[in-house]
Structures are given as structure tokens and as C-alpha cells.
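Peer 1: Take a look at this one; I'll ask things after.
The values are calculated or read from the model by the stated rules, or taken from the named source; none is laboratory data. Model, not experiment: these values are computed from the prediction. All Cβ positions, even for glycine, are placed from backbone atoms using ideal geometry, and neighbour counts span all protein chains on display. Surface accessibility is based on the protein's heavy atoms, side chains included, excluding ligands, DNA and RNA. Shrake-Rupley method; radii C 1.70, N 1.55, O 1.52, S 1.80 Å.
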Amino acid sequence: MVIQVDGLVKKYGDYTALKDISYSVERGETLCVIGSNGSGKTSLIECTEGLRDINYGDITVLGLDPFKDRRKLYNRIGVQLQEQVFASEAKVEEICRLYSSFYDNPVPYKELLDRFDLLDRRKYHATNLSSGQKKKLSFILAMLPNPEIVFLDEITSFLDPGSRKDMVKYILGLKELGTTIINVTHHMDEAELLSDRIIFMKEGRIIENDSVENIIGRTTLPRIVKFHSLVPESVLQPLVESRFVDDISCKNHHYVIRGEMDNIYQTVKDFLIENDIKFDSLYTRDPNLEDFYLYASGYEGVY
């Protein structure tokens with residue numbers, strides 16, 4: 001294991017943000033941490049990195065104590081913070097040069113600036129970058145030590161769709177190289193694509209710690225059928241009486257029907273054909289990670 005955390009407790013005054021947390025990460029694994037705002041995700045990662053003091057527990061990262069062996073550890077890990085503040089007068093190149101000086105064998109920062117389309121911004125003050133460009137810069141700083149483990153906290157937030165796609169592609173490249181990745185994200189599609197394993201946090205505890213497939217497989221979430229039809233919703237109400245159908249909703253003539261995994265699609269299709277109901281764009285999908293997230297977070301009926 002490259003990360004081992006046992007019995008971690010973190011308090012802020014009277015508030016307990018992390019409640020007896022234990023988890024581990026294997027070398028080369030990509031672990032995505034999900035959960036609502038305030039669930040403890042950032043506290044968990046920053047405690048593991050040694051950036052926040054802990055009240056109780058034991059943490060080792062690459063066999064090192066992140067508090068006592070910080071200098072050794074930070075030559076081997078990369079850290080991208082959720083909110084990174086840059087000095088108002090510091091230019092992009094100056095920041096990269098400063099951070100490079102912290103490491104024994106840093107990756108040439110100009111190569112990284114070029115890869116993330118910031119080379120032509122190297123003379124800009126960092127505070128004048130867009131939110132997406134600041135995210136790219138924080139990622140570059142995390143990659144300077146050529147880390148064995150990289151910690152990412154909402155790295156794709158504020159990125160435009162194209163830049164987000166590029167960032168995910170680069171993270172996949174790191175994964176192929178065997179880099180261990182800890183990624184905090186609110187994008188469930190990103191978590192599904194990148195993760196070997198998911199940690200789902202709620203109210204300072206780990207509720208799930210498994211692969212996406214296993215997590216969804218343990219749920220009883222319904223399959224979803226969608227289609228477009230101009231008929232009023234009342235025409236489809238008899239479907240609710242079917243034991244395979246849980247509920248029906250409609251918005252702007254787009255229907256969503258949820259029900260039993262193995263039977264819902266055929267039940268809906270047969271009903272539409274037998275009742276001569278005109279429809280189009282009929283399709284079905286299995287529950288996904290976003291469905292699980294909404295269900296586990298208490299947003300019933302919206303997945």
C-alpha cells in the first residue's frame with residue numbers, strides 16, 4: 001500500500017469533520033472521492049497530505065509520516081489544492097521557477113506550460129489568468145516533482161468542456177504510466193471514467209469504498225426508460241399499475257419511466273405499441289454513478 005490511513009479523526013473546534021476514517025490505496029490505483037459539499041472530502045485529502053493537523057489516527061504515505069517527513073514526501077508527491085492563492089505580483093513563470101526550486105529533479109516547467117497552452121501566458125500575472133487557466137497552473141505545479149502520487153481536488157472545476165476533456169485525457173495518461181491518483185470530484189462521469197475505486201463520503205464518514213460496478217450492483221436502483229411523445233400524461237397512467245413500473249414523470253413531452261431492471265423496457269414498449277401511442281427516441285439505460293450519488297445523498301425521485 002502506498003497510502004494507509006487508520007482511525008483518522010479531524011475536528012474544527014466542536015465540529016468533527018472526519019469520524020474514525022480508515023482507508024488505503026495501492027500503487028498505481030486511481031481513487032476518486034465523491035460526496036456533497038461539507039462531507040469531509042477536502043479535509044480527508046489534506047490530512048492525508050499532511051497539510052492539516054489531525055486529532056487522532058495514523059497516516060503513512062509511501063512509507064513516510066506526512067507530518068514528520070514532509071520534505072522527503074513532497075519530493076515524491078504532487079498536490080493540487082482546491083483553492084490556490086497566488087501572490088498578486090507574481091508572474092506565471094516566476095511561480096513555476098519558485099516551485100521548481102523546491103524539488104530535487106523537477107520536470108522542466110516550460111514543457112508543462114506548453115502542454116497546457118500556458119506558455120504564451122508565462123509573462124502574465126497569475127491573478128490575471130482566467131479561472132480555468134489558474135486550474136491548469138495549479139495542476140502544472142502539482143506535476144513538477146514528477147510525482148509517484150498526485151492529489152487532485154476538483155481539478156476540472158471551472159474548465160470549459162474542451163479543456164476539461166484535455167485534462168481528463170492527461171490524467172488517463174498518468175494512470176497508464178502507473179501514477180497513483182487521488183481525485184476529488186463532483187463530476188460523476190469523470191469519476192466513472194477514471195476510477196479503479198470510489199470513496200463516497202457523507203457527514204464525515206466513508207459510506208462506500210469499492211468499484212463503481214460493485215457499488216451500483218449492490219443498490220436496488222431502477223432502470224430508466226425515456227422517450228418523446230405528444231400524448232398527455234394521463235394516457236400513460238395505466239402503466240403505473242404494472243408491477244414493473246415505479247413511477248412516471250414528464251416534462252415538455254419527454255417521458256421518464258423508472259422500474260424493475262429486467263422488465264421495464266419491454267413493458268413500456270409493449271404498452272406504447274398495443275395502445276397505438278406515437279413515440280420516438282425510445283431508449284433505456286441502467287443506473288449509473290450519478291443515480292447512486294443522488295439516491296445516497298437523499299435526492300429521491302430525481303435520478
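Peer 1: Stick to Cα atoms and the Kirkwood definition of Rh, then tell me Rg/Rh for region 108-232. Can you show the working numbers first?
Peer 2: On the way: Rg = 18.4 Å, Rh = 17.0 Å.
My calculation puts Rg/Rh at 1.08.
Peer 1: Among Gln237, Asn128, Ile171, whose Cα sits farthest toward the positive end of the charge dipole of region 128-258 (+1 at Cβ of Lys/Arg, -1 at Cβ of Asp/Glu, about the Cα centre)?
Peer 2: Asn128
Peer 1: Run the numbers for Leu282 and Tyr124: contour at 0.36 nm per residue of separation, minus the present Cα-Cα distance, in nm. Walk me through the numbers on the way to the answer.
Peer 2: Values: separation 158, 0.36 × 158 = 56.88 nm, distance 5.08 nm.
Residue separation times 0.36 nm, minus the Cα-Cα distance, leaves 51.8 nm.
Peer 1: How much area per residue is accessible in the chain when the probe is 1.4 Å and only protein heavy atoms are counted (Å²)?
Peer 2: Computed with neighbouring chains in place, this is 51 Å² per residue.
Peer 1: At a 1.4 Å probe radius, carbon and sulfur cover how many percent of the accessible area of the chain? Working shown, then result.
Peer 2: Values: 7140 of 15470 Å².
For the chain, the apolar C and S fraction of the accessible surface comes to 46 percent.
Peer 1: In addition: Using DSSP H assignments, which helices in the chain have an axial alpha-carbon span of 24 Å or above and a mean Kyte-Doolittle hydropathy of 0.0 or higher? Provide the component values of the computation, followed by the final result.
Peer 2: Working: long enough: none.
Span-like helices in the chain: none at all.
Peer 1: Could you tell me how far the Cα centroid of region 201-257 sits from the Cα centroid of region 113-192, in Å?
Peer 2: 34
Peer 1: Continuing with this model, one more query. In nm, give the distance between the simple-model label positions of Asp189 and Asn275, each being 7 Å from the Cα along the Cα-to-Cβ direction.
Peer 2: Distance between label points: 3.2 nm.
Peer 1: Tell me, what is the FRET efficiency for Lys165 and Thr219 to the nearest 0.05, using R0 = 22 angstrom and their Cβ-Cβ distance as r? Intermediate values should be presented prior to the final figure.
Peer 2: Values: r = 29 Å, r/R0 = 1.31.
For Lys165 and Thr219, the calculated efficiency is 0.15.
Peer 1: Let me ask something else. Among the listed pairs Lys10/Lys134; Lys41/Lys72; Lys110/Lys135, give every one whose C-alpha distance is greater than 27 Å.
Peer 2: Working: Lys10/Lys134 29 Å; Lys41/Lys72 25 Å; Lys110/Lys135 17 Å.
Distance filter (> 27 Å) returns Lys10/Lys134.
Peer 1: Then there is this: Work out how far the C-alpha atoms of region 190-276 reach from end to end along every principal axis, then list the three figures in whole Å, largest first.
Peer 2: 49, 26, 24 Å, listed from the longest principal axis down.
Peer 1: A further question follows. May I ask for log10 I(q)/I(0) of the chain at q = 0.11 Å⁻¹, from a Debye sum over the Cα atoms as equal point scatterers with solvent left out?
Peer 2: Debye output, listed in q order: -0.76.
Peer 1: Let me know the charge dipole size of the chain about its Cα centre in debye, to the nearest 20, where only the beta-carbon of Lys, Arg (+1) and Asp, Glu (-1) is charged. It would help to have the intermediate numbers written out before the result.
Peer 2: Details: 37 positive and 48 negative charges, 223 e Å.
About 1080 debye.
Peer 1: Return the distance in nm (one decimal) between the two label points of a simple spin-label model at Asp69 and His228, each offset 7 Å from Cα along Cα→Cβ.
Peer 2: So the two model labels end up 5.9 nm from each other.
Peer 1: If you put +1 on each Lys and Arg Cβ and -1 on each Asp and Glu Cβ, how big is the dipole of region 1-58 around its Cα centre, in Debye rounded to 20? Don't skip to the end; give the middle numbers.
Peer 2: Working: 6 positive and 9 negative charges, 35 e Å.
Using only the charged Cβ atoms, the result is roughly 160 debye.
Peer 1: Just name one of Phe271, Tyr74, Ile257: the one whose Cα is farthest towards the positive end of the charge dipole of the chain (beta-carbon charges, Lys/Arg +1, Asp/Glu -1).
Peer 2: Tyr74
Peer 1: For a test of understanding, tell me how many lysine pairs in region 181-303 have Cα atoms under 26 Å apart, given they are 8 or more places apart or on different chains. Provide the component values of the computation, followed by the final result.
Peer 2: Values: Lys226/Lys251; Lys226/Lys269; Lys226/Lys278; Lys251/Lys269; Lys251/Lys278; Lys269/Lys278.
Lysine pair count for region 181-303: 6.
Peer 1: Order 108-115, 211-218, 91-98 from most to least packed using the mean count of other Cβ atoms within 10 Å.
Peer 2: Values: 108-115: 15.9, 211-218: 14.2, 91-98: 18.4.
My ranking of the peptides, most packed first, is 91-98, 108-115, 211-218.
Peer 1: Please report how far the C-alpha centroid of region 19-73 lies from that of region 264-298, rounded to the nearest whole angstrom.
Peer 2: Each part's Cα centre sits 40 Å from the other's.
Peer 1: Contour minus end-to-end for Arg27 and Ala87, with contour as 0.36 nm per residue of separation and end-to-end as the Cα-Cα distance?
Peer 2: Values: separation 60, 0.36 × 60 = 21.60 nm, distance 3.47 nm.
Length difference between fully extended and current span is 18.1 nm.
Peer 1: If you average 1/r across every pair of different Cα atoms in region 1-138 and take the reciprocal, what Kirkwood value do you get, in Å?
Peer 2: Values: mean 1/r = 0.0591 Å⁻¹.
Radius from the Kirkwood sum: 16.9 Å.
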